[in-house]
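This report refers to the structure that appears directly beneath it.
The values are calculated or read from the model by the stated rules, or taken from the named source; none is laboratory data. All values derive from a computational prediction rather than experimental measurement. Cβ atoms come from the backbone with ideal geometry, glycine included; neighbour counts cover every protein chain shown. Quick note on the areas: whole protein, heavy atoms, side chains included, nothing else; ligands and nucleic acids left out. Shrake-Rupley method; radii C 1.70, N 1.55, O 1.52, S 1.80 Å.
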Amino acid sequence: MTAITRKGWADRGDFSDAEFARATAFYNAMRTHDERLHRVRAAAADRIEQWTGHAPRDVGSFGTRLNLETSDLDLGIGYPVEDRDRLKEALASHTTFLGERQTSFATSRLVFSFTLDGIEIDLSALTVDDFTVACRMLDQIDQTMTREERIAHTWVKHLLRSSGRLEEYAAWKLVTYARFCDEFNWVPIPEKTGA
């Protein structure tokens, strides 16, 4: 496992046939949550668009099909920097403001959270340019990341989390984004204890 995390990527060749079979079964089990998550994501997206006037995109692990059963939903919007105070006001009665986080070396995003149907929804308001870059990256992941790579990545993610290696887990969640987009300064967000 340490060799894989040091390498910063996982693929089929990193696992024996038996372990990859277990990884595939685990990945297929994660897909059983898709219908509910699609439904909740659509409802959350509708609310966000009503509150902000901007249609969000899934920028998290569910959108890239790399989620665990414990994953929340991460949606993002592009929002003009000069309108951030108005955005905070618009979301104040609907969400909890989690703070401002670095997105790149020169930009940041505002992060809000709310719960819908028992699932935590994190909303990131990125600069318009950063959102464009993120959408381009997500399109590339969607088009080029293979199913075997998704299985391998999700399996490593599961093993790190289940063994309590939360710092490595937090970093591993970002390796796909870093692989497909070096324009952002991807900084791991510490895991919530007990999550």
*When only residues in segment 41-68 that are among the polar types (S, T, N, Q) and assigned to a loop (DSSP other than H, G, I, E, B) count, which is most open to solvent (accessible area, probe 1.4 Å)?*
SER61
*Those residues that are assigned to a helix (DSSP H, G or I), surrounded by fewer than 21 Cβ atoms within 10 Å (Cβ to Cβ) and of a type in the set (Gly, Ala, Ser), I need them from segment 130-164; list them, please.*
SER162
*Just to be sure, is THR107 without any contact (Cβ under 8 Å) to a residue 12 or more places away in the chain and either touching a strand residue (DSSP E or B) at 6+ places or on another chain (Cβ under 7 Å) or β-branched (Val, Ile, Thr) (or both)?*
no
*Among HIS94, HIS38, which is the only one that is in contact with a Phe, Trp or Tyr (Cβ under 9 Å, 6 or more places away or on another chain), open to solvent by 40 Å² or more (accessible area, probe 1.4 Å) and part of a loop (DSSP other than H, G, I, E, B)?*
HIS94
*Which numbered condition trips up ALA29, out of (1) outside any helix (DSSP H, G or I); (2) farther than 25 Å from CYS181 by Cα?*
(1)
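Does ASP122 fit the bill of being under 14 Å from the mean Cα position of the chain (by Cα) and surrounded by 13 or more Cβ atoms within 10 Å (Cβ to Cβ)? Quick ask: steps written out before the conclusion?
Numbers: under 14 Å from the mean Cα position of the chain (by Cα): yes; surrounded by 13 or more Cβ atoms within 10 Å (Cβ to Cβ): yes.
Here the answer is yes, as ASP122 does meet what is asked.
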*Taking interchain pairs and intrachain pairs at least six residues apart, which have beta carbon atoms under 6 angstrom, with the first residue in segment 7-20 and in contact (Cβ under 8 Å) with a residue 24 or more places away in the chain and the second open to solvent by less than 60 Å² (accessible area, probe 1.4 Å) and in a helix (DSSP H, G or I)?*
GLY8/VAL175; ALA10/ILE4; ALA10/ALA152; ALA10/HIS153; ALA10/VAL156; ASP11/GLU149; ASP11/ALA152; ASP14/ILE4
*Does LEU75 satisfy the criteria of being open to solvent by less than 20 Å² (accessible area, probe 1.4 Å), in contact (Cβ under 8 Å) with a residue 12 or more places away in the chain and not in a strand (DSSP E or B)?*
no
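Of the residues in segment 78-91, how many are more than 18 Å from GLU120 (Cβ to Cβ) and open to solvent by less than 20 Å² (accessible area, probe 1.4 Å)? I'd like the intermediate steps shown before the answer.
Taking segment 78-91 and keeping what is more than 18 Å from GLU120 (Cβ to Cβ), we get 78-90.
Adding the requirement that they be open to solvent by less than 20 Å² (accessible area, probe 1.4 Å) leaves 78, 87.
Residues in segment 78-91 being more than 18 Å from GLU120 (Cβ to Cβ) and open to solvent by less than 20 Å² (accessible area, probe 1.4 Å): 2 in total.
Scan segment 1-35 for residues that are of a type in the set (Ser, Thr, Tyr), at pLDDT 95 or above and open to solvent by 50 Å² or more (accessible area, probe 1.4 Å) and jot them down. Talk me through it step by step, then tell me what you get.
Step one: list which residues in segment 1-35 are of a type in the set (Ser, Thr, Tyr), which gives 2, 5, 16, 24, 27, 32.
Filter again for at pLDDT 95 or above, leaving 16, 24, 27.
If the condition is that a residue be of a type in the set (Ser, Thr, Tyr), at pLDDT 95 or above and open to solvent by 50 Å² or more (accessible area, probe 1.4 Å), then SER16 is the only one that fits.
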*asked:* Let me spell it out: the conditions are (1) assigned to a helix (DSSP H, G or I); (2) of a type outside the set (S, T, N, Q); (3) open to solvent by 70 Å² or more (accessible area, probe 1.4 Å), and PHE105 meets all of them except one. Which number is the exception?
replied: (1)
